[in-house]
Amino acid sequence: MAIKPVLKMGEPLLLDVAKKVDEFNTPVLENLIQDMQDTMAALNGAGLAAPQIGVSLQVVIFGFEENQRYPDAEEVPFTILINPELTPLSDETEDGWEGCLSVPGLRGVVPRYRQLHYQGYDQHGNSIDRKVDGFHARVVQHECDHLQGILYPMRMKDFRTFGFTDVQMSD
Ligand code: NI
(Lines give C-alpha, C1' and ligand atoms only; values in the text may rest on other atoms or scores of the structure.)
Protein backbone atom coordinates (compact mmCIF):
# COMPACT_ATOMS: atom_id res chain seq x y z
CA MET A 1 0.00 0.00 0.00
CA ALA A 2 1.14 3.49 -0.73
CA ILE A 3 -0.13 7.03 -0.58
CA LYS A 4 0.98 8.66 -3.84
CA PRO A 5 1.53 12.34 -4.55
CA VAL A 6 -1.42 13.82 -6.44
CA LEU A 7 -0.53 15.76 -9.59
CA LYS A 8 -1.76 19.34 -9.60
CA MET A 9 -3.32 21.39 -12.38
CA GLY A 10 -0.53 22.53 -14.67
CA GLU A 11 0.97 19.05 -15.02
CA PRO A 12 0.70 18.14 -18.72
CA LEU A 13 -0.25 14.52 -17.94
CA LEU A 14 -3.57 15.71 -16.47
CA LEU A 15 -4.51 17.01 -19.94
CA ASP A 16 -3.82 13.70 -21.73
CA VAL A 17 -6.47 11.23 -22.86
CA ALA A 18 -5.85 8.07 -20.78
CA LYS A 19 -5.33 4.68 -22.40
CA LYS A 20 -7.85 1.87 -22.02
CA VAL A 21 -7.02 -1.05 -19.74
CA ASP A 22 -6.62 -4.14 -21.92
CA GLU A 23 -6.01 -6.77 -19.22
CA PHE A 24 -7.96 -7.38 -16.01
CA ASN A 25 -7.03 -9.37 -12.88
CA THR A 26 -3.37 -8.41 -13.02
CA PRO A 27 -1.06 -7.56 -10.10
CA VAL A 28 -0.21 -4.24 -11.79
CA LEU A 29 -3.88 -3.27 -11.90
CA GLU A 30 -4.46 -4.44 -8.30
CA ASN A 31 -1.49 -2.38 -7.09
CA LEU A 32 -2.68 0.70 -8.97
CA ILE A 33 -6.16 0.44 -7.43
CA GLN A 34 -4.73 -0.12 -3.94
CA ASP A 35 -2.55 2.98 -4.31
CA MET A 36 -5.55 4.95 -5.53
CA GLN A 37 -7.66 3.81 -2.56
CA ASP A 38 -4.91 4.62 -0.07
CA THR A 39 -4.37 8.05 -1.62
CA MET A 40 -8.07 8.90 -1.78
CA ALA A 41 -8.61 7.81 1.82
CA ALA A 42 -5.61 9.78 3.10
CA LEU A 43 -6.88 12.96 1.42
CA ASN A 44 -10.59 12.45 2.19
CA GLY A 45 -11.45 12.52 -1.49
CA ALA A 46 -14.83 11.60 -2.95
CA GLY A 47 -13.09 10.09 -5.96
CA LEU A 48 -9.79 9.73 -7.74
CA ALA A 49 -8.68 9.02 -11.30
CA ALA A 50 -5.48 7.14 -12.17
CA PRO A 51 -3.96 10.09 -14.10
CA GLN A 52 -4.06 12.10 -10.86
CA ILE A 53 -1.35 9.80 -9.47
CA GLY A 54 0.55 9.88 -12.74
CA VAL A 55 -0.84 6.73 -14.40
CA SER A 56 -2.51 7.48 -17.73
CA LEU A 57 -4.99 4.58 -17.71
CA GLN A 58 -8.81 4.58 -17.76
CA VAL A 59 -9.34 3.72 -14.09
CA VAL A 60 -11.37 5.74 -11.60
CA ILE A 61 -12.54 5.06 -8.06
CA PHE A 62 -15.22 6.95 -6.14
CA GLY A 63 -17.74 6.65 -3.34
CA PHE A 64 -18.27 7.46 0.32
CA GLU A 65 -20.81 7.21 3.11
CA GLU A 66 -20.06 10.67 4.43
CA ASN A 67 -17.53 13.12 3.12
CA GLN A 68 -16.19 16.21 4.92
CA ARG A 69 -15.57 17.84 1.58
CA TYR A 70 -19.25 17.41 0.56
CA PRO A 71 -21.21 17.36 3.84
CA ASP A 72 -24.64 17.61 2.16
CA ALA A 73 -24.05 14.96 -0.50
CA GLU A 74 -26.01 11.71 -0.48
CA GLU A 75 -24.10 8.45 -0.06
CA VAL A 76 -22.43 7.03 -3.17
CA PRO A 77 -21.44 3.31 -3.16
CA PHE A 78 -17.70 2.67 -3.37
CA THR A 79 -16.97 1.81 -6.99
CA ILE A 80 -13.96 0.85 -9.08
CA LEU A 81 -14.74 1.76 -12.70
CA ILE A 82 -12.51 0.88 -15.64
CA ASN A 83 -12.88 1.86 -19.32
CA PRO A 84 -16.06 3.82 -18.57
CA GLU A 85 -18.65 4.93 -21.09
CA LEU A 86 -21.10 7.63 -20.06
CA THR A 87 -24.43 8.38 -21.69
CA PRO A 88 -26.60 11.24 -20.42
CA LEU A 89 -30.25 10.18 -20.05
CA SER A 90 -31.55 13.65 -20.82
CA ASP A 91 -30.23 17.10 -21.70
CA GLU A 92 -31.14 18.37 -18.25
CA THR A 93 -28.20 19.77 -16.30
CA GLU A 94 -27.79 20.82 -12.70
CA ASP A 95 -25.33 23.28 -11.13
CA GLY A 96 -23.34 22.12 -8.11
CA TRP A 97 -20.16 22.80 -6.16
CA GLU A 98 -17.06 20.77 -6.98
CA GLY A 99 -13.52 20.58 -5.81
CA CYS A 100 -10.68 18.39 -6.97
CA LEU A 101 -7.57 16.97 -5.30
CA SER A 102 -5.62 18.23 -8.34
CA VAL A 103 -6.92 21.76 -7.79
CA PRO A 104 -6.34 21.97 -4.02
CA GLY A 105 -7.92 24.67 -1.91
CA LEU A 106 -10.39 25.80 -4.55
CA ARG A 107 -13.99 25.11 -5.49
CA GLY A 108 -16.46 26.22 -8.10
CA VAL A 109 -19.93 25.66 -9.49
CA VAL A 110 -20.04 23.21 -12.40
CA PRO A 111 -23.02 22.23 -14.57
CA ARG A 112 -23.40 18.44 -14.99
CA TYR A 113 -25.98 16.14 -16.55
CA ARG A 114 -28.53 15.27 -13.88
CA GLN A 115 -29.26 11.70 -15.05
CA LEU A 116 -26.67 9.37 -16.40
CA HIS A 117 -26.23 5.83 -17.66
CA TYR A 118 -22.70 4.52 -17.14
CA GLN A 119 -21.03 1.29 -18.09
CA GLY A 120 -17.60 -0.15 -17.54
CA TYR A 121 -15.75 -2.91 -15.70
CA ASP A 122 -14.38 -3.60 -12.26
CA GLN A 123 -10.78 -4.80 -11.73
CA HIS A 124 -11.82 -8.41 -12.41
CA GLY A 125 -13.49 -7.58 -15.71
CA ASN A 126 -17.04 -7.85 -14.35
CA SER A 127 -19.47 -5.55 -16.10
CA ILE A 128 -20.83 -2.48 -14.30
CA ASP A 129 -24.01 -0.96 -15.70
CA ARG A 130 -25.91 1.69 -13.73
CA LYS A 131 -28.42 4.49 -14.12
CA VAL A 132 -27.83 7.22 -11.57
CA ASP A 133 -28.68 10.83 -10.83
CA GLY A 134 -27.78 13.70 -8.54
CA PHE A 135 -24.44 13.67 -6.76
CA HIS A 136 -23.61 10.13 -7.88
CA ALA A 137 -23.97 11.26 -11.52
CA ARG A 138 -21.89 14.35 -10.77
CA VAL A 139 -19.02 12.39 -9.22
CA VAL A 140 -18.90 9.95 -12.15
CA GLN A 141 -18.80 12.79 -14.67
CA HIS A 142 -16.07 14.59 -12.72
CA GLU A 143 -13.87 11.48 -12.39
CA CYS A 144 -14.37 10.30 -15.98
CA ASP A 145 -13.54 13.79 -17.25
CA HIS A 146 -10.05 13.22 -15.79
CA LEU A 147 -9.64 10.33 -18.28
CA GLN A 148 -10.30 12.75 -21.15
CA GLY A 149 -7.86 15.37 -19.86
CA ILE A 150 -10.61 17.65 -18.54
CA LEU A 151 -10.44 19.38 -15.14
CA TYR A 152 -13.60 20.88 -13.62
CA PRO A 153 -12.60 24.55 -14.12
CA MET A 154 -12.70 23.79 -17.86
CA ARG A 155 -16.44 22.99 -17.44
CA MET A 156 -17.33 26.10 -15.43
CA LYS A 157 -19.67 28.70 -16.91
CA ASP A 158 -19.48 31.40 -14.22
CA PHE A 159 -16.03 32.18 -12.83
CA ARG A 160 -17.56 34.41 -10.17
CA THR A 161 -18.18 31.15 -8.27
CA PHE A 162 -14.52 30.09 -8.49
CA GLY A 163 -12.80 30.68 -5.16
CA PHE A 164 -10.86 29.33 -2.22
CA THR A 165 -12.63 26.88 0.06
CA ASP A 166 -11.55 28.81 3.17
CA VAL A 167 -13.27 32.00 1.99
CA GLN A 168 -16.91 32.34 2.95
CA MET A 169 -18.96 33.02 -0.17
CA SER A 170 -22.37 34.60 -0.20
CA ASP A 171 -24.80 32.60 -2.34
NI1 NI B 1 -10.83 15.66 -9.68
*Would a scan of the stretch 144-164 turn up a residue that is assigned to a loop (DSSP other than H, G, I, E, B), away from the ligand (no atom under 16 Å from the Cβ), more than 18 Å from T39 (Cα to Cα) and of a type in the set (S, T, N, Q)?*
no
*Take the residues of the stretch 34-48 that are within 25 Å of G105 (Cβ to Cβ) and open to solvent by 50 Å² or more (accessible area, probe 1.4 Å): which is modelled with the lowest pLDDT?*
N44
*Those residues of the stretch 143-171 which are open to solvent by less than 20 Å² (accessible area, probe 1.4 Å) and farther than 13 Å from V109 by Cβ, in sequence order*: E143, C144, D145, H146, L147, G149, L151
*Does the stretch 21-33 include one or more residues that are under 12 Å from the mean Cα position of the chain (by Cα) and buried (at least 16 other Cβ atoms within 10 Å of the Cβ)?*
no
*Can you run down the residue pairs with Cβ atoms below 6 Å, 6 or more apart or on separate chains, where the first is in the stretch 34-50 and farther than 14 Å from E66 by Cα and the partner is within 11 Å of the ligand (Cβ to nearest atom) and in a strand (DSSP E or B)?*
M36/L48; A49/V60
*Hey, does the stretch 83-90 have a residue that's exposed (fewer than 13 other Cβ atoms within 10 Å of the Cβ) and among the β-branched types (V, I, T)?*
yes
*All positions within the stretch 4-48 that are farther than 14 Å from V60 by Cα and of a type in the set (S, T, N, Q)*: N25, T26, N44
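Table: residues versus (1) closer than 24 Å to N25 by Cα; (2) open to solvent by less than 20 Å² (accessible area, probe 1.4 Å).
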{"position": "E98", "(1), (2)": "no, yes"}
{"position": "L101", "(1), (2)": "no, no"}
{"position": "L106", "(1), (2)": "no, no"}
{"position": "Y118", "(1), (2)": "yes, yes"}
{"position": "H124", "(1), (2)": "yes, no"}
{"position": "R130", "(1), (2)": "yes, no"}
{"position": "V140", "(1), (2)": "yes, yes"}
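Can you confirm whether Q52 is more than 15 Å from the ligand (Cβ to nearest atom) and under 21 Å from A18 (Cα atoms)?
no
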*So which pairs qualify, if the first residue must be in the stretch 135-154 and within 17 Å of P12 (Cα to Cα) and without any contact (Cβ under 8 Å) to a residue 60 or more places away in the chain, the second must be assigned to a loop (DSSP other than H, G, I, E, B) and away from the ligand (no atom under 11 Å from the Cβ), the Cβ gap must be under 6 Å, and the two must be at least 6 apart or on different chains?*
none
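Table: residues versus (1) within 16 Å of the ligand (Cβ to nearest atom); (2) free of Cβ contacts under 8 Å to residues at least 40 places away in the same chain.
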position	(1), (2)
V6	yes, no
A18	yes, no
L29	no, no
L32	no, yes
V60	yes, no
F78	no, yes
L86	yes, no
T93	no, yes
G99	yes, no
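The values are calculated or read from the model by the stated rules, or taken from the named source; none is laboratory data. For clarity, every value in this text was computed on a predicted model and none was experimentally measured. Every residue, glycine as well, gets a Cβ built from its backbone with ideal geometry; the counts of neighbours run over all protein chains shown. Side chains included, ligands, DNA and RNA excluded: accessible areas come from the protein's heavy atoms. Shrake-Rupley method; radii C 1.70, N 1.55, O 1.52, S 1.80 Å.
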